[in-house]
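Participant: The structure is given below, and queries will be raised subsequently.
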There are 4 protein chains.
Amino acid sequence: MCRWLAYLGDPIRLDKLLYTAEDAFVGQSLHSRQSTHPVNGDGSGLGWYSCGPQPGLFRTTRPAWNSGNLRDLSDQLESHLFFAHVRATSGTAIQESNCHPFRYRDRLFQHNGVIQGYDKLKKPMDMAVRDDLYPLMEGSTDTERLFYLALTFGLLEDVGGGLSRMVRFVEETASNLGIDNPITMTAAVGAPNGIHAVRYSSDGESPTLYHSHDLHSLRVADGDVETLPDACVLLLSEPLDDVPSHWQEVPESSLLTVTTDHVDSTPFPLE
Amino acid sequence: MCRWLAYLGDPIRLDKLLYTAEDAFVGQSLHSRQSTHPVNGDGSGLGWYSCGPQPGLFRTTRPAWNSGNLRDLSDQLESHLFFAHVRATSGTAIQESNCHPFRYRDRLFQHNGVIQGYDKLKKPMDMAVRDDLYPLMEGSTDTERLFYLALTFGLLEDVGGGLSRMVRFVEETASNLGIDNPITMTAAVGAPNGIHAVRYSSDGESPTLYHSHDLHSLRVADGDVETLPDACVLLLSEPLDDVPSHWQEVPESSLLTVTTDHVDSTPFPLE
Amino acid sequence: MCRWLAYLGDPIRLDKLLYTAEDAFVGQSLHSRQSTHPVNGDGSGLGWYSCGPQPGLFRTTRPAWNSGNLRDLSDQLESHLFFAHVRATSGTAIQESNCHPFRYRDRLFQHNGVIQGYDKLKKPMDMAVRDDLYPLMEGSTDTERLFYLALTFGLLEDVGGGLSRMVRFVEETASNLGIDNPITMTAAVGAPNGIHAVRYSSDGESPTLYHSHDLHSLRVADGDVETLPDACVLLLSEPLDDVPSHWQEVPESSLLTVTTDHVDSTPFPLE
Amino acid sequence: MCRWLAYLGDPIRLDKLLYTAEDAFVGQSLHSRQSTHPVNGDGSGLGWYSCGPQPGLFRTTRPAWNSGNLRDLSDQLESHLFFAHVRATSGTAIQESNCHPFRYRDRLFQHNGVIQGYDKLKKPMDMAVRDDLYPLMEGSTDTERLFYLALTFGLLEDVGGGLSRMVRFVEETASNLGIDNPITMTAAVGAPNGIHAVRYSSDGESPTLYHSHDLHSLRVADGDVETLPDACVLLLSEPLDDVPSHWQEVPESSLLTVTTDHVDSTPFPLE
C-alpha cells in the first residue's frame, strides 16, 4: 500500500532522509513497520523542487532498496521541497508511469491507499477528467486518476477544494455502483511554495500519517544523530526514527497546509 | 512505426523467422528497410499459441536486437501460430503494457500505424469501450484502444465486422473533431484456428504488408537456405529475404482471412 | 540469500510449483519463512529442459512476485526438469547476468548462500577459472564463479568431483587470505538426465534444503490439493506446503544425485 | 561503437547539449552520422560534477532517445563539468554496470571503441588490475578494464602516463597472443578540475573526436541559436551542429588536457 515522505524547509540533501536515518525511508521499501504491506518493492520515485519551472522527477520500477540510480541521485540532489515514494501495487501494472509522484506543471502528487472497486470505478472516474487533461494521464493507477480528478475540480487554485470535490465525486459514483467505502487515502500535493497533505478514508480508518514536531535532528543507524536545518517539516507515512517526540500523528479526516512559516490543520473534506 | 510478423502453419521454432533469415525479423528492429522508422527499438513482444486455453505472451521494453530473453525464448519455443512485434512509439510511454501483441482471452492483436489526433481522440475512444472490457486496458497506446473497440464492436464473433465498425467509429469521431485521415493501419488478429490481417488507412496510403507466396524456404544470412514446413503462411510488414517471388503485397483496403487451408482476401472495411 | 527449486519427473506446467501451491515458490520471493532474508526481490530466473540441445533460460531483474513475463511463461511452459530461483543479493549488482540459474552448454547451476570475504577472494577465484571458460562469465556474482570453478575442476564429467574440488580450492584460498568459513551453500546442478544438489557450508550451518518424499500432491492456497505426476522429485530451499510428510531435510555436508529412478545421498565433499 | 560528449565551462543545464542543439547528443543515439554504428541504443549514462566529493552518476539500459528519466535529469541538472554517453555494445551484456561513464572516486571515464580479441585479452587484462581495485569492477566491458588498468598504472596522479602505460600493456599482451591492432579508442577522463581526452588506435584509424573551437552558441533544431557561456569547451565524438567553424578534429594519437584556462595537445602515448 506504499509509503511516502515529503519535506519542506531549508535545502538538504535527499539522502539524509532516504538513507541515513535510523528507519530511513528506503528501508521502508523492504520492511515497513506500519503498513499492511511490509514490502513496498513495486517501484519508487522522487520529485524535487529547485530553480526550474517544473519540479524534477525520477521514477523507476526498481525496488528502492536496490536502485543504484536512486541512491546516487539522493546523494547528489539538494532541495528545499521534495517528495519520495515507494510503491506496493494494488493490482495495476509495474511501469514507470504507475510510480509516484505524479507531476502536472509545477505540482506533484503522491498517495498511499487504494480505491475499492476500482475496476468498476475506473471508467466513470476517467470520463470525469477534463478533456484537456485527459491525454496527459499516462498510467493506469487509481492514484493518477485521483490527481487528475482533483485537477479537474480546481486543485490548481484551491487544493483543499479540489481534493474535497474529488472525494465527493468518487464516493457518490461508488455509491451509485453499490460500492461501499471506496477511498483509502493519505496523500500529498506539492507546489513551489508549500505542501498540502490529506488523511482521509471513507470508512474513517486511514493508513498512518505523521508530521514532524520540533525536529532538529534524526537518530541514525549507529545511534548517532544527524542534524537537520532549523526550518524543516516532514510529512510521512511512518517515522524515520524511534523517537516519539519527533512525530505527531495527523488526525483522520484532516488537511494540513504546510508552508515554511506554519502548519495548519483543517477538517477534511471541506464543506 | 513498428514492424510485425505472424505465422500459421506446421509448428516451427520461432528463431527461424526471428533470427536466422537473411532479413530476419529482429534485424528489422535495428534497420528496417521499408518503414518510415528504420529503428524500432521501443520494445518488442511475442505471442504464441500452443496447448493452453490462452496464447503465451512475452513483452519487453528492451529493443529486440539486444534482448537476451527474446533470443532464448525464440530458440526454445515452437508453435504453429505466433505473432512477433517490434515497436517504434508514436509518443506513448515505454512500458510492457504498451508493447504488442495485446491479448484478450484467446485472441492476439498487433498493429503498425498511428492514429492522427490521438490526443483528442483518446477520450471518446475510451468512452466507447464496453464497460466490462474497460478495466482490462492496461496501457496507453492507440493500438490497445483499437483492439478493445473492435472487441466492443463484436470482434470475437466476427473479426471483419468488428474491425470495420471500429474503423468507422474512429473515422466518424475524428471527423466530428475536425481530424482528417485518422487511421493508418496494418494489423493482425490471432485466434487458435487462424489469423486475420488488415491493411487499411483513411488516406489510402498504408504501411507495407505482405503475405508469403508458395514459401518453402528462406534465404539465410550466409546465402544458404532454411527449409520451412510445407504448410506455412507468413503475414508481415516487410520481407524476411530478398527473393521477390516469396512475397506478395497485400492490397490496400483489404482483409485477409488465413487458415491452414486457404488465404482469402476481401475488401475492407466490410459493408 | 535466495530461494531455489528444482524439479525432475514427468512433465508438468511450471506454474503448479511456482504459483499454485499453498506456499508457492513465487510467494517465497515476497515472504520466505525459512531464509535469513524474507524478501528475495533482487531478480528471478527459470531454466527448463525440453527438446533442444540447451535448456531454455529466462532471467529478469524484476522481483518474481511482480513479473508478468514470469507468470506467463510459467503458465505456458511444461518441462520434465526445471530450475527456478529468486534472488536476494549479497552485494553484487542487480542485472540479468547476476540472476540464477546460470547456464553452460546443457548444464544449469543455481545457489543459495554467500562467499564470505568475496571482495578478497574474487580475483584468485577468477584467476583459477580455465582460460577458455573465462570470457563466458558475464556477471559479477560469487555464484557464477563457483559454477565456473566447478566446471574448471571437471564438473562436466564428474559433478561431485568438480564441486568438491571447487570447495577445497575456495577454502584453501580463503585460509591463505585469513578468511574463515568462506562457503555457505545449497546448490543445484542440472543436466539433461538428472539433477545434483549439494548442501554444504564451511561452518556446518547451511541454509535449509529439502527434497520431496513420496509426493503425489500439493496443498494449494484454498485448502484443495493439486495432483502431481507419479514420477516427480522436488529439491528446494523451503517447502511448498505445510504438510511435513511431504518433505525431508537434506543433511549437512551431503550430495544428492537425483534421476528419474532414484535419489542417492553421499557425504560431501568427496574424498 | 558509442558516442560520447564532455563539457567543461561555466555551469549550464545539460539539456542544452543533450536535447536542444541541431544535432543534439541524444539524437545521436538514434541516428549518429559519423559512427560505424548509426544506432547507439544499448544504454546511456550521465556523470556530472557539482559540490559533493564525487560526481553524480546516472546509468540506464534504456536507449537515450526514449528514457524519460534521462530527459528529466537533463532538464534539471546544471553542471560546470559533465559527461554523457550513448552505448552500442560490442558484445557484452546490456546492464547498467556496462554503461558509461564509469566512476572511481572523483574520476569519470567513458570510451568509444573496442578491444579486438577481447575474449582472449579479458583474463590477462583482469589479472593486471591492482588487487585493491579488482573487486570494484562491476561489469564485463572492455572499457571498464581499460579504466581500471589505467588506474592501476597511475592514472590518479598522472592521467597521460596512466593511459599510456595501459595502452602499452594491452598492445604487448595482445601481441603475445597473436592479436593485431587491439585498441580502438577515443576516451575521456574527468576530474573535478578538468578533462583529459585521448584519441588513439593501434592501427592509427580512430573513431572521430572533436573539440569545440571558439564556441559561443549552438544552432538549434529550428534554425535559431542557443547562447552558450563565454567559458565553455566541448569534447565529443561528433558535432552538435552543422557549423564547421565550431568544431576542430582532434588529431590521431594525441592527448588533450582541458582546463577552464586552456586546451593543450600532446602526442600520445607519452614516451
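Participant: Could you please find all residues in the range D:82-96 being out of contact with any helix residue (DSSP H, G or I) (no Cβ under 7 Å at 6 or more places or on another chain) and surrounded by 24 or more Cβ atoms within 10 Å (Cβ to Cβ)?
Facilitator: The answer is D:F82, D:F83, D:H85, D:R87.
Participant: If you don't mind, another one. Are any residues in the range A:81-99 within 14 Å of chain B (Cβ to nearest Cβ), part of a loop (DSSP other than H, G, I, E, B) and closer than 15 Å to A:A64 by Cβ, and if so, which ones?
Facilitator: A:T89, A:I94, A:C99, listed by residue number.
Participant: Quick test for you: out of B:V250, B:V225, pick the one residue that is at pLDDT below 95 and not polar (S, T, N, Q).
Facilitator: B:V225
Participant: Using beta carbons and a limit of 6 Å, which pairs, at least six apart or on different chains, have the first residue in the range C:142-170 and in contact (Cβ under 8 Å) with a residue 24 or more places away in the chain and the second one surrounded by fewer than 22 Cβ atoms within 10 Å (Cβ to Cβ) and among the charged types (D, E, K, R)?
Facilitator: C:T152/C:R130
Participant: Considering only the range D:253-266, how many residues are part of a strand (DSSP E or B) and exposed (fewer than 14 other Cβ atoms within 10 Å of the Cβ)?
Facilitator: 2
Participant: Something else now. Under 6 Å by Cβ, and 6 or more places apart or on different chains, what pairs join a residue from the range B:231-253 that is under 19 Å from B:G9 (Cα atoms) and small (G, A, S) with one that is in a strand (DSSP E or B) and modelled with pLDDT of 95 or more?
Facilitator: Every condition considered, the pairs that remain are B:A231/B:G9; B:A231/B:D10; B:S237/B:R3; B:S237/B:W4; B:S237/B:N112.
Participant: Let me ask something else. Restricting attention to the range C:100-113, which residues are crowded, with 23+ Cβ neighbours inside 10 Å and either part of a strand (DSSP E or B) or at pLDDT below 95 (or both)?
Facilitator: Scanning the range C:100-113 gives C:F102, C:L108, C:F109, C:Q110, C:H111, C:N112.
Participant: When you scan the range B:179-212, how many residues do you find that are in contact with a strand residue (DSSP E or B) (Cβ under 8 Å, 6 or more places away or on another chain), closer than 16 Å to B:D10 by Cα and not in a strand (DSSP E or B)?
Facilitator: Residues in the range B:179-212 being in contact with a strand residue (DSSP E or B) (Cβ under 8 Å, 6 or more places away or on another chain), closer than 16 Å to B:D10 by Cα and not in a strand (DSSP E or B): 1 in total.
Participant: Please work out which residue is farthest from the chain's Cα centre (by Cα), limiting yourself to the range C:1-23 and to residues that are more than 26 Å from C:D261 (Cα to Cα) and among the hydrophobic types (A, V, I, L, M, F, W, C).
Facilitator: C:M1
Participant: Which one of these does C:L177 not meet: (1) free of Cβ contacts under 8 Å to residues at least 60 places away in the same chain; (2) within 13 Å of chain D (Cβ to nearest Cβ)?
Facilitator: (1)
Participant: Right, something else. Given the structure, is A:P101 of a type outside the set (S, T, Y) and over 14 Å from the mean Cα position of the chain (by Cα)?
Facilitator: When the stated conditions are applied, A:P101 does not pass them.
Participant: Does B:P63 qualify as being touching a Pro at 6+ places or on another chain (Cβ under 8 Å) and either more than 7 Å from every other protein chain (Cβ to nearest Cβ) or closer than 21 Å to B:S237 by Cβ (or both)?
Facilitator: Answer is yes for this residue.
Participant: Let me ask you something else. Is it true that some residue in the range D:68-80 is under 20 Å from D:Y104 (Cα atoms) and either surrounded by fewer than 20 Cβ atoms within 10 Å (Cβ to Cβ) or more than 12 Å from chain A (Cβ to nearest Cβ) (or both)?
Facilitator: Within the range D:68-80 (the criterion being under 20 Å from D:Y104 (Cα atoms) and either surrounded by fewer than 20 Cβ atoms within 10 Å (Cβ to Cβ) or more than 12 Å from chain A (Cβ to nearest Cβ) (or both)), the answer is yes, since at least one residue qualifies.
Participant: Here's something else I'd like to know. Which one is nearest to B:S32 (Cα to Cα) among residues in the range B:216-252 that are among the β-branched types (V, I, T) and assigned to a strand (DSSP E or B)?
Facilitator: Here the residue is B:V220.
Participant: Within the range B:198-235, how many residues turn out to be among the charged types (D, E, K, R) and at positive phi?
Facilitator: 1
Participant: Counting only residues that are outside any helix (DSSP H, G or I) and either over 23 Å from C:D131 (Cβ atoms) or away from every other protein chain (no Cβ under 14 Å) (or both), how many does the range D:115-160 have?
Facilitator: Summing the residues that are outside any helix (DSSP H, G or I) and either over 23 Å from C:D131 (Cβ atoms) or away from every other protein chain (no Cβ under 14 Å) (or both) in the range D:115-160 gives 7.
Participant: Let me ask something additional. Given the options D:P63, D:P53, name the one that is touching a Ser or Thr at 6+ places or on another chain (Cβ under 9 Å) and of a type outside the set (K, R).
Facilitator: D:P63 is the lone residue from the list that is touching a Ser or Thr at 6+ places or on another chain (Cβ under 9 Å) and of a type outside the set (K, R).
Condition check ((1) among the aliphatic types (A, V, I, L, M); (2) in contact (Cβ under 8 Å) with a residue 24 or more places away in the chain; (3) more than 18 Å from C:S217 (Cα to Cα)) across all residues:
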{"position": "C:R3", "(1), (2), (3)": "no, yes, yes"}
{"position": "C:Y7", "(1), (2), (3)": "no, yes, no"}
{"position": "C:P11", "(1), (2), (3)": "no, yes, no"}
{"position": "C:L14", "(1), (2), (3)": "yes, yes, no"}
{"position": "C:R33", "(1), (2), (3)": "no, yes, yes"}
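Participant: Conditions: (1) surrounded by fewer than 22 Cβ atoms within 10 Å (Cβ to Cβ); (2) in contact with a Leu (Cβ under 8 Å, 6 or more places away or on another chain); (3) not aromatic (F, W, Y). D:G190 meets all but one. Number of the miss?
Facilitator: Only one criterion in (1) surrounded by fewer than 22 Cβ atoms within 10 Å (Cβ to Cβ); (2) in contact with a Leu (Cβ under 8 Å, 6 or more places away or on another chain); (3) not aromatic (F, W, Y) is unmet by D:G190, namely (1).
Participant: Which of the residues belonging to the range A:184-219 are of a type in the set (A, V, I, L, M) and either over 22 Å from A:F83 (Cβ atoms) or in contact with a Gly (Cβ under 7 Å, 6 or more places away or on another chain) (or both)?
Facilitator: Within the range A:184-219, just A:M185 meets the criteria.
The values are calculated or read from the model by the stated rules, or taken from the named source; none is laboratory data. Quantities reported herein were computed from a predicted structural model and do not represent experimental measurements. Neighbour counts run over all protein chains shown; Cβ positions are idealised from the backbone, glycine included.
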